[in-house]
Structures are given as C-alpha cells and as structure tokens.
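Some notes on the structure that comes next.
The values are calculated or read from the model by the stated rules, or taken from the named source; none is laboratory data. What you see is a predicted model, and the numbers here were worked out from it, not measured in a lab. Cβ: placed from backbone, ideal geometry, glycine included. Neighbour counts: every protein chain shown.
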C-alpha cells in the first residue's frame, strides 16, 4: 500500500530532478574560436556540417558526449548544443562556459548544480598567430615567381640593415615594398617594385628584421615563405579564413612528416589513382610509395569524379585529416577537388 507521505516525497524528488535536469540543459557557453565554430550532425569532425556559430556568440549546452578528439592541439569532448533553434554537435575546445542568466522568477535558494568547466588548453587567437609555412606545389609558376620576389626583397632588407646603423628597418608591408615611395626604392636597394604574380600577393614580415633572430622572415600572406620549416607570424585576413584550417603541403613533405602529423588537417595536391577500392596519392604514376586515402566520407559527386577519372591517374587536391588508413598513416579525406 502506497501512503500519501510516500507519494508526496516521490513528487518532491521528481520535481527536484526535473529542476536539476533543466539546469543542465540550460547551461550557456560562448564560442571562443578564432573563426566560426562548425556545428555538425554527430560528435565527430568527419560528420556532416549543418551550420556554424560566429566567435563571441552564445549557445545553449544540452549535454556533454563521450566523444573526445584533438583539434589544433586542443583535446576536448564534443558537446550537443542548441543555437538559433537548431541542435547539433560542436567541439568543446572552443567553448567557454559562462554563468546562466537567471529568469526574474527564479527562486534564489533553488537547488542548483555545478557543471565541470570545459578544458581549455589553447590560447584564444586574438593576436597574430603562428603558422608553419610550406610552399604549396599546386600553384606552380605563380608560386615560384612569388618566392623569387621574396628572395629579392629579403636581400634588399639585408643590405639596408648592413648600411644603416641608426634607423633600423623594423617592419615590412606590401605598401613599403610595392609603392614608389618605399624606403627600399628611394635608397636604391630595390631598383623597381617587385611585380606581384598574383592579386593575392601581400608581402609582409615577421619579427624585427633588424635583428638576427631565426623567426625573422619576409613572406607572402597568400603563398607563405621560402624557408622550409620557417615559423612566421601573420594575422588571418578574410581571404585566408576559408583555407587556414588546413596545412598546405606537397606530397614529398607529407611522406616525410606524416608520422608527426596524426590528427592534423592537411591539404595536398598530387596525382590521385583509384585502384580497386583504394584511392592513392602519388607524385607520379611510377611512385611506389603512395599515400593511402580514405574517401568514404566525401560527397557523392566527388566520389563519382574519382571513379570516372582516376583509374589511370588524375591531378587532384585532397583536404582531410591525417590518420590510420589501411593499417598505416594516411589521409581521411573531407574534400577532393580537381
């Protein structure tokens, strides 16, 4: 026989649990990524993109999943969130939990629960970021012309610093180099402004060019720098945001460094060959050490192109994540272009 006091206690517990669940469901977080944070259909970076949230926007955290990944050197769980009436999953490394704004009718003594903070292992990139530059092989002649310009500019800066002992040349922008009023032009360290091979070319510098630090370099925001493994600083511009997630590299560099790139997003231009159920990236058709690529997650039209055009090899650009493919390090493709 169920007594009335028991029913009352049961209802109290039920109501308390309901309040507790509601508090969990209404936890608010703010997006701290440098660019927009992608909302996906499942807690995985390889799942479909269903939306995005701009940096600084607030989202409602519904639950923390058991899925954990490392993205941009940040290890965190995936979270189910709600934003603008849409539910989906986001990587928690770029969320920061904040205090929920209580409604006006909230009872102050109402039982609440604390939510463990989302691990934050990355510095929010509001200042110039560090980017590992590697020449991008697919840009061919345009890239070579840009790198040649950089060598000429760097040589002019070196000569300027050797001759000038009072006012050191500490910064370099496209205006300093490309304009007729450039100090390098006026002082005849450059005879004429370099002709930009691409409308994207934007010559800049990192560090103090008057010193001998290893981090000092002249580089192009679009093509990178000509020092292998050089670390340079730049601020991401609008025309770079779409590609800045991936490290652009050629196939030889990928082969040499693939063991240290696990979990990294890379973009590689190479010869693609569809062989049986395998997709391989090669330097040429005689290459006997290809990179294996998993293509099961790419869109149907991209898969169709590979099946129709890559049996005998075709030039492609693969963007994806370095991971285990056919029991060895390869690329889990997110996108294939041609």
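Side notes on the structure shown:
- Residues located in segment 302-312, provided they are under 23 Å from residue 324 (Cβ atoms) and touching a strand residue (DSSP E or B) at 6+ places or on another chain (Cβ under 7 Å): 302, 306, 310
- Filter pass, residue 49 being exposed (fewer than 14 other Cβ atoms within 10 Å of the Cβ), at pLDDT 75 or above and more than 26 Å from residue 323 (Cβ to Cβ): no
- Where residue 265 falls short, out of the listed (1) surrounded by 12 or more Cβ atoms within 10 Å (Cβ to Cβ); (2) more than 24 Å from the chain's Cα centre (by Cα): (2)
- Long-range neighbours under 6 Å by Cβ, at least six apart or interchain, first residue in the same structural domain as residue 192 (by TED's automatic domain parsing) and buried (at least 19 other Cβ atoms within 10 Å of the Cβ) within segment 137-160, second part of a helix (DSSP H, G or I) and modelled with pLDDT of 75 or more: 156/184
- Residue match in segment 241-254 (condition: at pLDDT 70 or above and farther than 25 Å from residue 144 by Cβ): yes
- Of the residues making up segment 52-65, just one is in a loop (DSSP other than H, G, I, E, B) and either surrounded by 15 or more Cβ atoms within 10 Å (Cβ to Cβ) or touching a residue at least 40 places away in the same chain (Cβ under 8 Å) (or both), namely 55.
- Contacts under 7 angstrom Cβ, first residue in segment 277-301 being over 14 Å from residue 312 (Cα atoms), partner assigned to a loop (DSSP other than H, G, I, E, B), 6 or more apart: 292/326; 297/46
- Selection from segment 243-301 of residues that are over 17 Å from residue 321 (Cβ atoms), part of a loop (DSSP other than H, G, I, E, B) and touching a helix residue (DSSP H, G or I) at 6+ places or on another chain (Cβ under 7 Å): 283, 289
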